[in-house]
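Below is one structure, written out as structure tokens; comments come after it.
The values are calculated or read from the model by the stated rules, or taken from the named source; none is laboratory data. Quantities reported herein were computed from a predicted structural model and do not represent experimental measurements. Cβ coordinates were reconstructed from backbone atoms using ideal geometry, including for glycine residues, and neighbour counts include every protein chain displayed.
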Amino acid sequence: MIQKKVCMLGGFGVGKTSLVSRFVSSIFSDKYLTTVGVKVDKKTVPVEGEEVTLLLWDLYGQDEFQTVRTSYLRGASGYLLVVDGTRPLTLDTAVSLQQTAEQVVGQVPFLIVLNKADLEADWQVDDRALWRIAEKGWPILRTSAKTGDGVEEAFLKLARGILAA
Amino acid sequence: MGAVANPAAARSDDRGPGEANGPAAAFTELRSLIVGPEQRQLRALQARLDDPGTQAREVSQVLPQAVLLRTRDPQLTRALAPTIEEAITASVRKNPQPLADAMFPVIGPAIRKAIAASLSSMLESLNRTLEHSLSWRAVKWRITALRTGKSFAEVVLLNTLVYRVEQVFLIDRRSGLLLQHLKADSAAVPDADMVSAMLTAIRDFARDSFRVSEAEALETLEIGDLTVWIEQGPHAILAAVIRGTPPHELRSVLQDVIERVHSQHGDALRSFDGDTGPFESARPLLETCLQVQYQRDRKRTSPWLLAIAGALALAAGFWMFSSLRARARWDAYLDALRAEPGIVVVSADRQSGKYVVNGLRDPLARDPASFLSSHQLSAATVTGNWQLYQALEPTFVLARARGILRPPAGVTLQFADGVLSAAGTASADWILESVPLARAVPGVARYNPTRLIDSEIAAFTKRLEAARLLFVRGTITPVPGGDQVLAACREHVRSLDVLAKAAGRRFMLEIRGHADGDGPPGSNIPLSARRAERVRTELQTELLQQMDVATSGVGSAEPLTRGTADTDKQQNRRVSLRVFATGAPETPLNR
């Protein structure tokens, strides 16, 4: 059986936990996020005819008061950088977290997830900023934890990338 | 190139001036000369590439080595897996025997081991449950189980367990991914993968929080009855979830196991990328961590309790011994009753502490109560319910016949095969009376009184046989006084005939003549025969109805005395009488 550790990174309130909740059913309470700083969930997905178990480490969102515990990143085979489309600063946070993650786990597959796509009217992330991200070769995907749009695809895309790496 | 140009020039010279086919032919020839070998090689290569058989042969030569080089490549494993799975499936469908034969050496021991482990666990559980199911503590634990909603077995376990390793996690130290997980039979496990990851996270959290070095890490967690002991190696950590209070030695076991895991699976740990397959072989090693220890009951028993228990045991032993002995006596008593003629035991039981025997008893049989003392049984402890009946055993029939017939002193009775026989001398009245009475005796099918002799008949017979009928020498003339004897005998014979007729019997009167030894046998025998005839005549036997008469003369062959004196000789000149019964069928007694 193939298992992979995947970390959910992003600023506070960007919807990481909601994305995971959309994707899996959990046995641990969300209180671990605020106590230990992480909550682990599991999802098994089929990738190219093979069952791959993703252990999803949902890390507490980074904000001005708290930074991500880098020790939680160790051994990760990939990660999702979650951005709140209605809050441009969360994109900067994601970029910062990418650098942190790369320092810890090296160049492993990751994905920029623009969450809250259902709030398009309130969208504030600048397209130019996104172009700059795209120019780096970082894959970007729009999701909505509320409607479920793009959620499954995001995890599957990351899983495929991990296996292909 | 120079070497290639010269032959071309030479060939051009050979043709001569008028032979030229043009520059194209010359160029072709030139090209053939220059690149001919390479063209042939290319054609040969093309032929090899186009021939699948050749390709297969060539690939087969390098395939084993190529597979060996990519042994650790998961992509090769993933690529081969579907084909191998299909091949195995097809092979099993076609003929499962080869695969079964191949698996047999592995499957057999594995199944035996699994069965042995299950049986051992089941026996241990059963043993403990039985051990604690009848004590006063069990009652308390059952109340606890009812109160807390736990199963009785769980409460017993909690109260008797010293410690038990319920789960073992082998975790990749870097990623927190679960490599292997083992659990005790009854241990509850939510999701080992996530527990493994969260455990790693908590370890990281603790280390980060207290800023300790990488080498230092969380080694123990305690949650209620559970303790988690963690041993870490360079690449993996071993976490044991323990219920109860583990001994320090268990830590050494865990350390030894994690070291051996690194020793045996070091390469797989270093190159771990999420595939847990290589760690299946570590399960037997991890199983050594699943240890369990139960409490030994060390409570010292009170001497008083021991004394009471001993007294109770003695009392129980004595009671058991007494019961067995009483039972043995009772059985012997019943056997004796069953062997006794005239007693039939129908049922025997024990009711309200007393033995009860029900059966049939002939009044002539021994009293069953008389057997009690010889079997050391008290009449107070045995109740006999006996219904009277008449036994048909010969002794009882005979005894009953004696009681009913009351035979006089000269009569003996015998009973065999349903026939009651009477013999001896009795009065005619008794003989006549005995016939209907004998038929009324239960068990008597036939009565045979033929050997009975009427006492009066016997008296007359005796008198006749005692009569002295003497004769004068050489004659058939009775001695003086002999006529009176003859007359008396005549009366006796007539009386006997009358009695025989009354009794319905028949007798034989034998008249035998004798002579003394003086004369020759040739004269004595006829003489003795005439003497017998003379007596017959005198007795007037032709008038007898129930008596047959036989006469004979034996001469001097049967002398009464051996003396030679005249008085002796006179005694031998005689006639003797004998009377005896002749058969009984016609007798009225037997009809």
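General remarks:
Here's the yes/no breakdown for (1) closer than 30 Å to B:Thr276 by Cβ; (2) surrounded by fewer than 23 Cβ atoms within 10 Å (Cβ to Cβ):
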site	(1), (2)
A:Leu54	yes, no
A:Ser71	yes, yes
A:Val83	no, no
A:Thr90	no, no
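- Criterion applied to B:Ser175, B:Ser196 was being among the hydroxyl-bearing types (Ser, Thr, Tyr) and part of a helix (DSSP H, G or I), and the one residue passing it is B:Ser196.
- Within segment B:512-538, restricting attention to residues that are under 16 Å from B:Arg468 (Cβ atoms) and of a type outside the set (Gly, Ala, Ser), the residue that is surrounded by the fewest Cβ atoms within 10 Å (Cβ to Cβ) is B:Glu538.
- On inspection, B:Thr245 qualifies as among the polar types (S, T, N, Q), away from chain A (no Cβ under 14 Å) and touching a Ser or Thr at 6+ places or on another chain (Cβ under 9 Å).
- Contact map, segment B:179-200: first residue closer than 23 Å to B:Glu214 by Cβ and touching a residue at least 40 places away in the same chain (Cβ under 8 Å), second residue crowded, with 17+ Cβ neighbours inside 10 Å and of a type in the set (S, T, N, Q), Cβ cut-off under 7 Å, separation 6 or more or different chains; pairs are B:Leu179/B:Thr276.
- Scanning segment B:408-466 for residues that are aromatic (Phe, Trp, Tyr) and under 18 Å from B:Leu499 (Cα atoms), we see that the one that is surrounded by the most Cβ atoms within 10 Å (Cβ to Cβ) is B:Phe460.
- Scoring B:Ala282 on the criteria (1) more than 14 Å from chain A (Cβ to nearest Cβ); (2) assigned to a strand (DSSP E or B); (3) touching a residue at least 60 places away in the same chain (Cβ under 8 Å) leaves a single failure, condition (2).
- Checked against (1) at pLDDT 90 or above; (2) surrounded by 12 or more Cβ atoms within 10 Å (Cβ to Cβ), B:Leu377 passes all but a single condition, namely (1).
- Per-region count, segment A:122-165, residues in a loop (DSSP other than H, G, I, E, B) and in contact with a Pro (Cβ under 7 Å, 6 or more places away or on another chain): 4
- Residue satisfying all of: in segment B:160-203; within 13 Å of chain A (Cβ to nearest Cβ) and modelled with pLDDT under 85; nearest to the chain's Cα centre (by Cα) among these: B:Ala188
- Residue check, B:Ile237 away from every other protein chain (no Cβ under 14 Å), surrounded by 18 or more Cβ atoms within 10 Å (Cβ to Cβ) and under 21 Å from B:Arg203 (Cα atoms): no
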